[in-house]
Amino acid sequence: MEFLSARISDVGGGVSNTVSPANFSLRDPRLVVLVHGFNVNRQSGQDGYSAFGTLLEKYGVQSLSILGQIVGFCWPGDVNIRYISGLFYPGELGPAKASAALLANFLVRLRGPQGVPIQVIFVAHSLGSRLALELIKDVLDQPNQTWGRIEGLCLMAAAVPVGMVDNGNRLARAARAARSRNFFSNSDAVLHWAFPAGETFAGDGFFPQAVGLFGNPLSTWTERFDLQPYNHGDYFRGKGMDDRSARYVAQFLGAAVSTQPTVVQPTINSLPPPNVIGSRRIGGS
């Protein structure tokens with residue numbers, strides 16, 4: 001798997017002014033971008049991407065195939081981390097937004113083989129989901145849309161306030177710009193405890209609910225998958241033998257993988273039992 005980076009240092013450090021490597025070129029017009037969350041240095045980010053790539057291979061998705069070219073995006077989500085990661089979450093919003101803008105400008109200038117327009121799918125975890133949505137907003141706001149299109153969005157444990165993607169709010173258009181899958185779990189301790197306080201401290205709401213906790217808002221996402229009992233760090237590496245996150249992403253990318261019905265899929269009602277008229281004997285003793 002190849003990696004793109006907005007980092008200037010392997011640990012900590014700020015956001016670069018360019019995406020590296022400078023000589024990156026696409027070998028397929030469909031680009032699948034993995035985006036990690038906060039409190040992740042370069043090595044742990046690449047390790048997480050490689051682990052997820054191994055899980056995807058189990059379901060027939062290679063890093064380069066007819067399903068697209070998969071790359072991992074490394075950004076400085078650990079720049080402000082000092083002691084307890086959850087308490088420093090607000091400090092990562094700035095680097096996430098700056099990295100989103102940098103990658104957006106990089107993508108709209110990228111072309112596929114023979115210069116064809118590209119299609120981009122994001123698979124983003126935690127605060128990386130906020131980065132992906134900020135990027136999509138940046139792309140949609142640009143006047144030139146001939147570069148390609150955002151084809152899909154998979155959010156895993158999205159550290160994004162529900163209100164921000166609902167009712168025409170700041171990231172609502174970005175959230176609805178392409179088909180989407182929202183993977184969530186109310187067993188996620190980080191989103192349950194650290195996220196509301198962090199967002200409040202950052203000025204993004206008053207103890208808001210995270211998208212990745214209950215999968216809200218219902219009407220925003222094309223599909224929703226409840227991945228209980230996943231905790232916050234289980235999505236890229238799986239939870240023991242439970243690798244539903246990779247299986248459902250592989251299916252989203254087009255692999256021949258079966259999935260369970262989503263939580264918004266209506267239950268099929270069975271027909272009532274047929275009426276039976278009891279027999280009655282006529283005549284005789």
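So, of the residues in the range 123-135 that are assigned to a helix (DSSP H, G or I) and not hydrophobic (A, V, I, L, M, F, W, C), which turns out to be surrounded by the fewest Cβ atoms within 10 Å (Cβ to Cβ)?
It comes out as E134.
Which numbered condition in (1) open to solvent by less than 10 Å² (accessible area, probe 1.4 Å); (2) modelled with pLDDT of 95 or more is the only one that R27 fails?
Among (1) open to solvent by less than 10 Å² (accessible area, probe 1.4 Å); (2) modelled with pLDDT of 95 or more, the lone unmet condition for R27 is (1).
For every residue, the table says whether it meets (1) farther than 24 Å from V15 by Cα; (2) assigned to a helix (DSSP H, G or I).
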position: S99; (1), (2): no, yes
position: N105; (1), (2): no, yes
position: R111; (1), (2): no, no
position: K137; (1), (2): no, yes
position: N144; (1), (2): yes, no
position: E151; (1), (2): yes, no
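Would it be correct to say that N186 is modelled with pLDDT of 95 or more, of a type outside the set (D, E, K, R) and in a loop (DSSP other than H, G, I, E, B)?
So N186 passes the test.
Within the range 38-84, take every residue that is open to solvent by 30 Å² or more (accessible area, probe 1.4 Å) and charged (D, E, K, R) and give me the one that is modelled with the lowest pLDDT.
R82
A quick yes/no check of all residues on (1) open to solvent by 10 Å² or more (accessible area, probe 1.4 Å); (2) free of Cβ contacts under 8 Å to residues at least 40 places away in the same chain; (3) closer than 23 Å to Q69 by Cα:
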site	(1), (2), (3)
R111	yes, no, yes
Q114	yes, yes, yes
L140	yes, yes, yes
G148	yes, no, yes
M156	no, no, yes
A159	no, no, no
A172	no, no, no
R176	yes, no, no
E199	no, no, no
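Just give me the residues in the range 201-218 being in a strand (DSSP E or B) and surrounded by fewer than 24 Cβ atoms within 10 Å (Cβ to Cβ), in sequence order.
none
Name every residue in the range 168-183 that is of a type in the set (K, R), within 24 Å of S245 (Cβ to Cβ) and not in a strand (DSSP E or B), in order of residue number.
The answer is R176, and nothing else.
The values are calculated or read from the model by the stated rules, or taken from the named source; none is laboratory data. Quantities reported herein were computed from a predicted structural model and do not represent experimental measurements. Methodologically, a virtual Cβ is constructed for each residue, glycine included, from the backbone with ideal geometry; neighbour enumeration extends over all protein chains shown. We work out accessible area using only protein heavy atoms, side chains counted, and drop any ligands, DNA or RNA first. Shrake-Rupley method; radii C 1.70, N 1.55, O 1.52, S 1.80 Å.
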